[in-house]
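Written out below as structure tokens is the structure these notes cover.
Taken together, the values in this text are just the output of simple stated rules run on the coordinates, not laboratory data. In this text, all values refer to a predicted model and were calculated from it rather than measured experimentally. Here the Cβ positions follow ideal geometry from the backbone for every residue, glycine too, while neighbour counts run over all protein chains shown.
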Number of protein chains: 2
Amino acid sequence: MNGLRSGQVAHAAGVNQQTLRYYERRGLLAEPGRTPGGHRLYPAEAVTVLRVIKAAQRLGFSLEEVADLLETGRHHHRGQSGAGLRQRAAAKLAEVEAKIADLSAIADTLRAALDAGCADLMDCAALPQCPLPFAELAEATAGSAPARVP
Amino acid sequence: MNGLRSGQVAHAAGVNQQTLRYYERRGLLAEPGRTPGGHRLYPAEAVTVLRVIKAAQRLGFSLEEVADLLETGRHHHRGQSGAGLRQRAAAKLAEVEAKIADLSAIADTLRAALDAGCADLMDCAALPQCPLPFAELAEATAGSAPARVP
DNA sequence: TTGCATCCGGTACCTAGGTACAGGCTTATC
DNA sequence: GATAAGCCTGTACCTAGGTACCGGATGCAA
């Protein structure tokens, strides 16, 4: 009776209903109560948890990290408050800044290629004055993921 | 006799040998000649092609886009030179710049959360002064991919 | 009580870019 | 000619974050 059905929660949080079960499997969403017939009944907070998950994801945390963050939150209520979250946020900020630096270098390279008027990839590879980075394969990707901008 | 074996090409370009066949399937690498026994024999340019692929990938192009870029390169040699590449580079630059803007906003948010001393995700979600973006689920991800920083 | 909407679990599939393995053939060297 | 190294095809698997489909059960209202 009291409690939200999975469809209602999914709709309220703007996620797919399957995603709820997926998050439950992944440990992000606590297992809710059930009706006698086995249908899930969520407390209203579940919607908040979903919003939190989405916000954290948006900030660059993976689902595993979010699960960890939530778990830490559940246990910190005794002991020192919030050091874990702040530490992880700082680490994530460094990660994001590194990614920005990486992408900035990529943008610079693209601008250089445009300025130089590169006309053909294969032709450019033969020219020494071409700004495209044909050499640093191994080294360029060390320290940051192989730059995919979806 | 003359020509490189797949292992040599893979080693020279710093990629896995399976990756060569994968690129061949994807149309990035032309099918090379074969020995009478069926072993691949690559021309020396294959290594250059691989370097070009890796460089383009590094600049944010997907394999499909790279395949397209190389294909365009092969055909432009009659007709107007290099308009395709420059156009795509400009589009990719815009994409990368958008991604940088997105990540900058994320970094700002993380900094705000650190400044505000956010201690717990779930607690913060209840506080109106928390800078974390718990609301804009649908809207925040429209126009850019759901921010994953690997 | 009947009908329809909703939900259940389980499994398969998707993108992107590869990587790994199995079983068998070829090439090169001694 | 034997043996080791290398290569062949085909298929399965990996990460991450979901999404889709199926057959069957449940919930709720008229």
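Points to keep in mind about this one:
- Dipole of the stretch A:1-57, positive end: most advanced residue of A:LEU4, A:LEU20, A:GLY33 [Cβ charges, Cα centre]: A:LEU20
- Reachable lysines from B:LYS92, criterion Cα separation under 17 angstrom, eight or more residues apart if same chain: A:LYS99, B:LYS54
- A label point on B:GLN87, set 7 Å along the Cα-to-Cβ line, lies at 5.3 nm from each of its counterparts in the other copies, closest listed first.
- Sequence-separation-based contact order of the stretch A:1-140, relative, with Cα cut under 8 Å and 6+ spacing, percent: 16 percent
- Where rotation carries B onto A, the chain B residue whose Cβ is nearest that axis, in whole Å: B:ILE100, 3
- The mean number of partner chain beta-carbon atoms within 10 angstrom of a residue's beta-carbon across peptide B:129-135 is 4.
- Across all C-alpha atoms in the stretch B:29-121, the radius of gyration and Dmax reach 21.3, 70 Å.
- Radius 15 Å from Cβ of B:ASN2, net charge of other residues (Lys, Arg +1; Asp, Glu -1): +2
- Under 5 Å, built H, 5+ apart or other chain: amide partners of B:LEU4: B:TYR42
- Taken one residue at a time, the phi angles of the stretch B:118-132 give Karplus couplings (6.51, -1.76, 1.60, θ = phi - 60°) of 3, 9, 8, 4, 5, 5, 4, 4, 8, 8, x, 7, 5, x, 6 Hz. Gly and Pro are set to x.
- For the segment B:61-68, counting C-beta atoms of other chains within 10 Å of every residue's C-beta and taking the mean gives 1.
- Ordering of A:49-58, B:111-120 by packing is A:49-58, B:111-120, highest average first (other Cβ atoms within 10 Å, averaged per residue).
- Label-point distances for A:GLY14 to the equivalent site in the other copies, using a point 7 angstrom along Cα→C-beta, read 4.1 nm when ranked shortest first.
- Calculated label separations, B:GLU45, copies of the chain, 7 Å along the beta-carbon direction, nm: 6.6
- Inter-centroid distance (Cα atoms) of the stretch A:42-77 relative to the stretch B:79-123, Å: 23 Å
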